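The values are calculated or read from the model by the stated rules, or taken from the named source; none is laboratory data. A quick note: this is a predicted structure, and the numbers were derived from the prediction, not measured. Cβ sites come from the backbone with ideal geometry, for glycine too, and all protein chains shown count toward neighbours.
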Ligand code: TXA
Ligand code: MG
């Protein structure tokens, strides 16, 4: 199959909507990461998504909607008050809610669970595709399983060339990390995956929120997971990744030392650092995150940097930790998982 990459003009959008109605898949930009979209009411389309991504069959997909009316066909019963408040505050945007599912959601989409994940994206191309196809769109991140989520159309092409007919190129994704996943089906509201909508933001709306303990820790043997996605190591870079936390000058000193040791042993090393710290590393090979001040652009640069290091054959990566608050929690969750949560504390001499 030939994979077209098109700018999302009116004609390309019409072509994409027609493909979706015909049960085919389309790579679509969203504000978080690119999605691999298919008809969210068609179990066969969902199976194609699993096949193209080589995704484990027990990991459910997110349904994407453009209007609150669409939610009625996807959930069982009324929208709980807390979900209404979150939708009002954060939709359209990078928040996914887990709710009891209706019979209209194919079991292939929910991977046999009796709940469904729903998100209303804010990206105009994603919204146009939902509207023009007249469908809720099931869409996981458009990477092959085990690769970083795609934040540019070129990343989708890398992973999906020959597997899907069309990718819409909407430019780089603004958030750059996958949406916040919140479970609302139980008694408490719980963040299962941190993202652009932070626990602090949710707390302001609801007055309280739980963050699942597995967000910054490896799963313990036998631990029951609340979201199938937590089971999978997700992305593991080809290079072995070590995170170093602590006071910035100590972190830089320790990373430089580890880098020099690795290089002396013949490893191809690279440093993942914040832009403002790049001068601390002299001539060593670095990937600076955060071209603009603040964590937003650290988040939006992260997956691209990880893909680049894989391409360059980097075998040892040393990364500066960020503070695990606000958006920093989502960044540390993704980096931590890529590092199998291997974190050294420079302040403790580790
Ligand atoms: O930002 C995003 O959420 C992107 C864009 C494309 O919207 N999508 C995305 O999808 O990241 P995916 O499939 O890569 O991640 C969905 C996560 C997985 O960890 C999955 O296990 C979890 O949501 N999930 C989906 N349905 C669930 C359910 N019913 N209960 C618990 N977790 C669920
Ligand atoms: Mg994914």
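Things to note:
- Criterion (modelled with pLDDT of 95 or more, within 16 Å of ligand 1 (Cβ to nearest atom) and not in a loop (DSSP other than H, G, I, E, B)) met by exactly one of 302, 258: 302
- Scanning the range 1-37 for residues that are closer than 18 Å to residue 122 by Cα and either assigned to a strand (DSSP E or B) or within 16 Å of ligand 2 (Cβ to nearest atom) (or both) gives 26, 27, 28, 29, 30, 31, 32, 33, 34, 35, 36, 37.
- Number of the condition not met by residue 167 [criteria: (1) touching a residue at least 60 places away in the same chain (Cβ under 8 Å); (2) within 12 Å of ligand 1 (Cβ to nearest atom)]: (2)
- When each of 96, 151 is tested for being touching a helix residue (DSSP H, G or I) at 6+ places or on another chain (Cβ under 7 Å), at pLDDT 95 or above and within 16 Å of ligand 2 (Cβ to nearest atom), the lone residue that passes is 151.
- Some residue of the range 55-75 being more than 16 Å from residue 117 (Cα to Cα), crowded, with 18+ Cβ neighbours inside 10 Å and within 15 Å of ligand 1 (Cβ to nearest atom): yes
- Residues (touching a strand residue (DSSP E or B) at 6+ places or on another chain (Cβ under 7 Å) and more than 16 Å from ligand 2 (Cβ to nearest atom)) located in the range 154-181: 157, 165, 166, 167, 168, 169
- Number of positions in the range 156-168 that are in contact with a helix residue (DSSP H, G or I) (Cβ under 7 Å, 6 or more places away or on another chain) and surrounded by 19 or more Cβ atoms within 10 Å (Cβ to Cβ): 5
- Listed by position, the helices (runs of 4 or more DSSP H) enclosed by the range 107-209 that each have at least 1 residues that are over 28 Å from residue 44 (Cα atoms) are 199-206.
- Only one of the numbered conditions (1) crowded, with 24+ Cβ neighbours inside 10 Å; (2) closer than 21 Å to residue 55 by Cα; (3) within 16 Å of ligand 2 (Cβ to nearest atom) is violated by residue 126, and that is (2).
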